[in-house]
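*Asks:* Pasting a structure here, questions to come.
The values are calculated or read from the model by the stated rules, or taken from the named source; none is laboratory data. Computed from a predicted structure; not experimentally measured. Neighbour counts run over all protein chains shown; Cβ positions are idealised from the backbone, glycine included.
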Amino acid sequence: MKKTLAVAALSTLILAGCSTQKFNVNPGADLTSEASLSTSQSFYISGIGQKTEVNAAEVCGSADKVAQVLTKQTFLNGLLGVVTFGIYTPRTVEVHCVG
């Protein structure tokens with residue numbers, strides 16, 4: 001019984017860690033089918049006091065061509081954070097350009 005409860009608690013913790021932040025820079029624009037940039041960003045100790053930057057205008061060729069920027073904590077990102085006890089906590093960033 002204790003093992004089942006521990007597995008359920010861990011599963012809930014991992015699933016609760018998934019999140020997406022979406023920034024619509026050019027609302028109503030046709031997005032390309034795939035992200036023009038999709039990369040993992042490394043953070044340590046749960047990312048406290050850390051930041052990274054992506055120049056979306058450079059990725060898309062100009063600021064007018066940027067449609068959307070997403071930052072995601074995927075299942076794998078969350079799992080890595082749990083396995084390393086928050087020492088390594090990656091996030092995925094995607095930049096979508098106007099199609």
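*Asks:* Of all residues in region 66-94, count the ones that are under 17 Å from G28 (Cα atoms) and surrounded by fewer than 19 Cβ atoms within 10 Å (Cβ to Cβ). Let's see the steps before the verdict.
*Replies:* First pass over region 66-94, keeping only residues under 17 Å from G28 (Cα atoms): 66-70.
Within this subset, residues satisfying the condition of being surrounded by fewer than 19 Cβ atoms within 10 Å (Cβ to Cβ) are 70.
Result for region 66-94: 1.
*Asks:* Test of understanding: among T92, T39, which residue is over 14 Å from K22 (Cβ atoms) and touching a strand residue (DSSP E or B) at 6+ places or on another chain (Cβ under 7 Å)? Steps first, please.
*Replies:* Details: T92 fails: over 14 Å from K22 (Cβ atoms).
Exactly one of T92, T39 is over 14 Å from K22 (Cβ atoms) and touching a strand residue (DSSP E or B) at 6+ places or on another chain (Cβ under 7 Å), namely T39.
*Asks:* Restricting the first residue to region 62-89 and requiring it to be within 17 Å of T39 (Cβ to Cβ) and in a loop (DSSP other than H, G, I, E, B), which pairs with a second residue that is at pLDDT below 85 and polar (S, T, N, Q) meet a Cβ separation below 6 Å and a spacing of at least six or different chains?
*Replies:* Note: pairs meeting the criteria are T89/S46.
*Asks:* Looking at region 78-95, is at least one residue at pLDDT 85 or above, among the hydrophobic types (A, V, I, L, M, F, W, C) and in contact with a Leu (Cβ under 8 Å, 6 or more places away or on another chain)?
*Replies:* yes
*Asks:* Scan (1) under 14 Å from the mean Cα position of the chain (by Cα); (2) modelled with pLDDT under 85; (3) closer than 30 Å to G99 by Cα for the single condition G47 breaks and write down its number.
*Replies:* (3)
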